[in-house]
Amino acid sequence: QVQLVESGGGWVQPGGSLRLSCAASGSIISIYSMGWYRQAPGQVRELVAFITSGGNTNYVDSVKGRFTISRDNAKDTVYLQMNSLKPEDTGVYYCIAETSTRYYWGKGTLVTVSS
């Protein structure tokens, strides 16, 4: 079993920055890749970014150049640095961890971008 706890969400004005954190606990050794999804009000959940155990990263086009995903294996934590935030980045951000048998989800943290 893997438990994921997100933090770092909040309200920010357009153009601002936030850093999300996702701390993993439990069967950490079984985790392959980790990532972030988001779900805007009334929208389907979409993949924002992910990072493999080897450090390879990928991003949805709408956040490329603005968001950076990173992973601290010593702390079993993955981060999402979000810069130049836009109102359309508003949503609940969920952390996800992939193991050999299933995906695990955090409960989410709300990000609101508005003036």
For Gly26, which of the numbered conditions (1) at pLDDT 95 or above; (2) within 16 Å of Leu4 (Cα to Cα) fails to hold? (1)
When only residues in the range 93-108 that are surrounded by fewer than 18 Cβ atoms within 10 Å (Cβ to Cβ) and part of a strand (DSSP E or B) count, which is modelled with the lowest pLDDT? Tyr103
Would you point out which residue out of Ser53, Ser25 is part of a loop (DSSP other than H, G, I, E, B) and small (Gly, Ala, Ser)? Ser53
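Quick grid of which residues meet (1) at pLDDT 95 or above; (2) open to solvent by less than 60 Å² (accessible area, probe 1.4 Å); (3) of a type in the set (Gly, Ala, Ser):
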{"site": "Glu46", "(1), (2), (3)": "yes, no, no"}
{"site": "Asp61", "(1), (2), (3)": "yes, no, no"}
{"site": "Gly65", "(1), (2), (3)": "yes, no, yes"}
{"site": "Asp76", "(1), (2), (3)": "no, yes, no"}
{"site": "Tyr79", "(1), (2), (3)": "yes, yes, no"}
{"site": "Gly91", "(1), (2), (3)": "yes, yes, yes"}
{"site": "Val111", "(1), (2), (3)": "yes, yes, no"}
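Quick check on this structure: which one of Ser25, Ser70, Ser21, Ser7 is in contact with a strand residue (DSSP E or B) (Cβ under 9 Å, 6 or more places away or on another chain), of a type in the set (S, T, N, Q) and exposed (fewer than 13 other Cβ atoms within 10 Å of the Cβ)? Reasoning before the result, please.
Working: Ser70 fails: exposed (fewer than 13 other Cβ atoms within 10 Å of the Cβ); Ser21 fails: exposed (fewer than 13 other Cβ atoms within 10 Å of the Cβ); Ser7 fails: exposed (fewer than 13 other Cβ atoms within 10 Å of the Cβ).
When all the criteria are applied, what remains is Ser25.
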Condition first: touching a Ser or Thr at 6+ places or on another chain (Cβ under 7 Å), free of Cβ contacts under 8 Å to residues at least 40 places away in the same chain and within 18 Å of Gly8 (Cβ to Cβ). Can you find one or more residues in the range 58-70 that meet it? yes
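The values are calculated or read from the model by the stated rules, or taken from the named source; none is laboratory data. Just so you know, these numbers come straight off a predicted model, no measurement behind them. Note: ideal-geometry Cβ built from the backbone for every residue, glycine included; neighbour counts use all protein chains shown. The accessibility values were calculated without ligands, DNA or RNA, using every heavy atom of the protein model including side chains. Shrake-Rupley method; radii C 1.70, N 1.55, O 1.52, S 1.80 Å.
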